[in-house]
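Handing you a structure now.
The values are calculated or read from the model by the stated rules, or taken from the named source; none is laboratory data. None of these values were measured; they are calculated from a predicted model. Glycine gets a Cβ as well: all are built from the backbone with ideal geometry, and neighbour counts include every protein chain shown.
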Amino acid sequence: MNLFIRSYKIVCDLTGIYRIFRGKLSLAVTWVCTLIIGATGIATTQVYAQDGDAMEEITVTARKREERMQDVPISMAVFSSEDLEARSISSLKELGQVTTNFSFYNHGQFGRGGAIVYMRGIGQEDPDIYWDPGVGVYVDGAYNGRMQGVDLDLMDLERVEILRGPQGTLFGRNTIGGAVNAVTAKPTDDFHGTAEITMGRFNRLDGKASINIPLVPDKMAMKIAAASRNRDGYSTRLDFNTGEETGELGDKDSASGRMVINWTPTDEVGLLLSVDTTRAREGGSARTVDVYNPTAPLSGLLNLFVDPDYGDAFLTDSKFTSFADGTNATDLDTLGIALTVDWDLGSWAVKSITSYRDTDMFSGVDPDGSFYNVIDFDVDIEHEQFSQELQFSGLSFDNRLNWVLGLYYFDEDGFNVNRVDVYRDLLAFSPPLPRIDPSFTSHNSAKAESYALFSQGTFSISDKLSVTGGLRWTYDKKVVSAFRFAHLNNNAVVLPQGTKDKNWDALSGRAGLEYRWNDGIMTYFSVARGYKSGGINGRPVSDFAFSAFEPEFLWTYELGVKSDWLDNRLRLNGAIFFTDYKDMQFQVIQGDPATGVPITVVDNAAQSEVRGFELDLVAVPATGLTLTASVGYLDAEYTELDPTSILPISVDNKFVKTPKWSTTLSGEYALPIKDWGELRWRLDYSHKSEIHHDAANSLIVVQDGYGVLNARLTFDSADGNWAVSLFGTNLTDERYLMGGTDFLNVLGFAEMQYARPREWGVSLKFNF
């Protein structure tokens, strides 16, 4: 053992020297090594906790089987249903604020209908159907192939698992940055239910309820859950002439439902059927124009022929007001059906996951901040997908090998219509201008098929040392059809159209070592290869632009520790990593070889490196008191750019949606009050350093470092039948950007989307 410790110390020393962990990361390496080396001595110290002071065990399915979170060699954040309620979190997007090295935003144009998700600096800025996301979102292990509709209402969940780093071996398609897995609460054999109503600022009125109904004793049970979210917008639309309110942005109006049936016809067979649906009718993203450039081509002409005060006249005094009068709305309808079958055959088991999902979305936006028809966007998206996964798992070699073997099939069909209107209000002023009425419409359809074969196993060499290996082969095929036309002077001009297809196959995988120093401390090292599918440019303006782009690949090296101390009163988990990121998919400008005209396309135009760490701490220093802290660090840099493309970046640019530092601090104290019940106080603070909301690092849409403070006070009755909570979010009323677009050089304005201001409310919950 001493020899092993000395060998490990040498490895740590060398790792700290190695270039991929240079700079501030060397501090993290030193910390990890110190913790590992001191483990054998410190862990033998006996510190006896009082009853009820120890942390509860957390069960996850990150490796396609149920196991303790502390036994899984993956950097992750896990939020139980109780955690979500205590943090006043009701959607996946809100988890992006309280999770280190993880960002979740709604797209500026699509609002809730389009998500932008980044993990460890890896994601995708454009959620269109021809371009795949870089972070996978799953519900009960079933993959959602598009970012439309993944900002789920978190109702009746058991937990949410956020898995950092490539997860392609077991989770599959396009999890090159990581995966988010929402696990629903399962029906049980007893009758019970819950109902909750929440009221607050901006006329907030939310309701949710669930009921668990045993159908056949010990055989079948059903659970039905429903949620309604209603809240006025926090950004106001004003009439330019009167100043009166004409509408609002950022409102919430949605209803969701889920039915789950759990049936165990025999002791060996179990079936779980889940049906969920969401209907949202919301007023679009809260957008406003903050900056105006009178010398830009569009604004200059408008100043000359339409309104000499165009631009400045439409800048408001508030970040939450706008004179825009065009369509700003998002309509979203989703339906999901999933059937999971488990068959226990003794030494091995079979699992089948069959899933279908249908999404319809309309989104319209008027981003220019004026009552003129300067520029207007709208999009219709229809998408449906089917997936089938078969898993075979078991134990072999005297239970020393825990293995899983699987087959996967995925099929999706998507269709979208994009419309753009520009310059319409110049019509009335021709001559001297030529008559123009430019509008562009694109009809795009995309079909994708994916097949995969995967396997992963963990072999226990000894009681302390284990080795993990996994491999996944994936075949992807995509077919994109495009029909585009432009209107100029009421004449239709047909742009290049047709159908193109492309296929790829690739290997991804994982290898790792895990060493258990004792029951409370485990260290691991892993190497993982990630893969994200290529695609076909779906907005062609020429034959050259109607082209394919290739897949992305990366290698991630991770060294981590999972540790529980002081009789489970202190938990300290950490990981350091290095990612070599190749063939990054970027929107670039390239010259059409036939015409020389610059064309915007997606291409594999950059290479990069990402290094960083995550550190998570949970402590129970006294009865009823729980403290948590998390720190994430990312150093992401471009190392090579395609010299044949014009990129909106240089090697010195910062990654989009990727703060260098992200931190969270939380404290909760539970105080029993005689025989009445329990009073719980909770404070949550999260901070993110500077965030660039576009790849070009425009200074207009950059967000300086900011912090958000939330609080909650809850009284639980002694019988557990009811609870009442008072809460506040963004208590310091921070004004921070959730996104934005810099149109200054062409259109003459920049638009921003600010997060919700300070809010407060009260919640009343009943259990029966």
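How about region 512-543: which of its residues are within 19 Å of Phe171 (Cβ to Cβ) and in contact with a Ser or Thr (Cβ under 7 Å, 6 or more places away or on another chain)?
Scanning region 512-543 gives Gly512, Ala528, Arg529, Gly530, Tyr531.
Out of all the residues in region 280-291, is one or more crowded, with 16+ Cβ neighbours inside 10 Å, aliphatic (A, V, I, L, M), at pLDDT 95 or above and under 22 Å from Asp333 (Cα atoms)?
No, region 280-291 contains no residue that is crowded, with 16+ Cβ neighbours inside 10 Å, aliphatic (A, V, I, L, M), at pLDDT 95 or above and under 22 Å from Asp333 (Cα atoms).
Find the strands (runs of 3 or more DSSP E) located wholly in region 620-711 whose residues include 3 or more that are hydroxyl-bearing (Ser, Thr, Tyr) and in contact (Cβ under 8 Å) with a residue 40 or more places away in the chain, and list them.
It comes to 625-641, 661-673.
Would you be able to say whether some residue in region 284-303 is closer than 30 Å to Val404 by Cα and in contact with a Gly (Cβ under 6 Å, 6 or more places away or on another chain)?
No; the residues of region 284-303 include none that is closer than 30 Å to Val404 by Cα and in contact with a Gly (Cβ under 6 Å, 6 or more places away or on another chain).
Can you pull out every residue in region 90-131 that is in a loop (DSSP other than H, G, I, E, B) and modelled with pLDDT under 90?
Those that are in a loop (DSSP other than H, G, I, E, B) and modelled with pLDDT under 90: Ser90, Gly108, Gln109, Phe110, Gln124, Glu125, Asp126, Pro127, Asp128, Ile129, Tyr130, Trp131.
Those residues that are surrounded by fewer than 20 Cβ atoms within 10 Å (Cβ to Cβ) and either modelled with pLDDT of 95 or more or in a strand (DSSP E or B) (or both), I need them from region 387-399; list them, please.
Scanning region 387-399 gives Gln388, Leu390, Phe392, Ser393, Gly394, Leu395, Ser396.
Being under 26 Å from Leu731 (Cβ atoms), over 20 Å from the mean Cα position of the chain (by Cα) and not β-branched (Val, Ile, Thr) is the filter here; which residues of region 686-705 pass it?
Matches in region 686-705: Asp704, Gly705.
Another question, then. Picking from Arg571, Arg516, Arg529, which residue would you name as being basic (Lys, Arg), part of a strand (DSSP E or B) and under 22 Å from Tyr638 (Cα atoms)?
When all the criteria are applied, what remains is Arg529.
Quick check on region 479-501. Is at least one of its residues buried (at least 22 other Cβ atoms within 10 Å of the Cβ) and not aromatic (Phe, Trp, Tyr)?
Checking region 479-501: at least one residue is buried (at least 22 other Cβ atoms within 10 Å of the Cβ) and not aromatic (Phe, Trp, Tyr).
Quick check on this structure: which one of Ser542, Ser608 is of a type in the set (Ser, Thr, Tyr), surrounded by fewer than 21 Cβ atoms within 10 Å (Cβ to Cβ) and over 24 Å from the mean Cα position of the chain (by Cα)?
Answer to the selection: Ser542.
Follow-up question, since we're still on this one. Write out, first by first residue and then by second, each pair whose Cβ atoms fall under 8 Å of each other, whose residues are 6+ apart or on separate chains, and whose first residue, in region 737-755, is on the phi > 0 side of the Ramachandran plot and assigned to a strand (DSSP E or B) while the second is basic (Lys, Arg) and surrounded by fewer than 20 Cβ atoms within 10 Å (Cβ to Cβ).
No pair meets every condition.
Could you please find all residues in region 236-279 being small (Gly, Ala, Ser), more than 17 Å from Ser318 (Cα to Cα) and surrounded by fewer than 19 Cβ atoms within 10 Å (Cβ to Cβ)?
Ala255, Gly257, Gly270
For residues that are at pLDDT below 85, of a type in the set (Val, Ile, Thr) and in a strand (DSSP E or B), tally how many sit in region 132-155.
Of the residues in region 132-155, 0 are at pLDDT below 85, of a type in the set (Val, Ile, Thr) and in a strand (DSSP E or B).
If you scan region 380-403, which residues turn out to be among the aliphatic types (A, V, I, L, M) and under 22 Å from the mean Cα position of the chain (by Cα)?
Scanning region 380-403 gives a single hit, Ile381.
Scan region 590-605 for residues that are loosely packed, with under 14 Cβ neighbours inside 10 Å and hydrophobic (A, V, I, L, M, F, W, C) and jot them down.
Selection gives Ala594, Val597.
To continue, here is another question. Across region 292-334, which residue is surrounded by the most Cβ atoms within 10 Å (Cβ to Cβ) among those that are of a type in the set (Val, Ile, Thr) and over 19 Å from Asp376 (Cβ atoms)?
Among them, the one singled out is Thr334.
Give region 209-224 a look and list any residue that's under 19 Å from Trp722 (Cβ atoms) and in contact with a Lys or Arg (Cβ under 9 Å, 6 or more places away or on another chain), or say none.
Ser210, Ile211, Asn212
Quick test of your reading of the structure: Val365 fulfils all but one of (1) within 30 Å of Tyr292 (Cα to Cα); (2) surrounded by fewer than 21 Cβ atoms within 10 Å (Cβ to Cβ). Name the failing condition by number.
(2)
Considering (1) modelled with pLDDT under 95; (2) surrounded by fewer than 16 Cβ atoms within 10 Å (Cβ to Cβ); (3) among the hydrophobic types (A, V, I, L, M, F, W, C); (4) closer than 24 Å to Arg735 by Cα, say which one Leu683 fails and leave the rest.
(1)
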